[in-house]
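S.K.: What follows is a single structure, and I will ask about it in a moment.
The values are calculated or read from the model by the stated rules, or taken from the named source; none is laboratory data. These numbers were taken from a predicted model, which means no experiment stands behind them. Note that we place each Cβ from the backbone using ideal geometry, even for glycine, and neighbour counts take in every protein chain shown. SASA here: full protein model, heavy atoms, side chains in, ligands and nucleic acids out. Shrake-Rupley method; radii C 1.70, N 1.55, O 1.52, S 1.80 Å.
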Amino acid sequence: MVTARGRRPAHGAVAVALVLSVVLAVAAIVDQAGGRSLIEHADDVYASSGKEPSASVLYGLVYAVAVVDFLLWLLVLGVARSHRLLAAVLAVAVIAVSAGLAVLLLVSTEYDARIFPPLWGVLALLPAAAGVLAATLLLRGRSARG
């Protein structure tokens, strides 16, 4: 049986993924309240078509990615704390979902231009990157037990 000390690094890595999910939401809040770089980029994308982008839809998508990431990593943390074998497998599945959502932000196009600036996709990808470390630590802890 693994001691609480042996689980701490994996829990810490999952906590980092949770924090990075919050960072994405906070970045969107700050941008929406002030800089509005996301809307400026979208305005450039849609200018040639004569259409106006919807700020609520664009920021809503970023918020949705952040919330889904946060909830999924919170689930991984809960499972990891209960010492279930499922934690490592669940972490890998959450990495795939989290990375998939980030890739959607990175590659979504309309009118032959990317809707979201690369920064938003990179920020969305960070929780998945932390998750890789978490999954590795969870798998290592599992293999150390036999």
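S.K.: So between ASP44 and SER56, what do we pick up on full extension, going 0.36 nm a residue minus the alpha carbon distance?
M.R.: 2.6 nm
S.K.: Give me the orientation-averaged projected area of the Cα convex hull of the range 49-104, in nm², one decimal.
M.R.: Here the figure is 4.2 nm², rounded to one decimal.
S.K.: Take the Cα coordinates of the range 84-137, assign each an equal point scatterer, and use the Debye formula without solvent to give log10 I(q)/I(0) at q = 0.24 Å⁻¹.
M.R.: Here log10 of I(q) over I(0) equals -0.82.
S.K.: A further question on this structure: Got a number for carbon plus sulfur as a percent of the chain's accessible area, 1.4 Å probe?
M.R.: Using a 1.4 Å probe with all protein chains present, the chain comes out at 68 percent carbon and sulfur.
S.K.: A further question on this structure: Using label points projected 7 Å from each Cα along Cα→Cβ, tell me how many nm separate VAL30 and VAL107, to one decimal.
M.R.: In this crude label model, VAL30 to VAL107 measures out at 2.9 nm.
S.K.: Here is a further query. Could you tell me the ratio Rg/Rh of the chain? Both radii from Cα atoms, Rh via Kirkwood.
M.R.: Checking Rg against Rh, the ratio lands at 1.10.
S.K.: Just tell me, in residue order, which DSSP H segments of the chain are both 30 angstrom or longer along the helix axis (alpha-carbon based) and at least 1.6 in mean Kyte-Doolittle hydropathy.
M.R.: Long hydrophobic helices here: 55-81, 86-107.
S.K.: Still on this model: Could you calculate the contour length gain from ALA15 to ARG81, that is, 0.36 nm times the residue separation minus the distance between their Cα atoms, to one decimal place in nm?
M.R.: 22.6 nm
S.K.: Give the accessible surface of the chain per residue, rounded to a whole number of Å², with probe radius 1.4 Å and ligands, DNA and RNA excluded.
M.R.: 54
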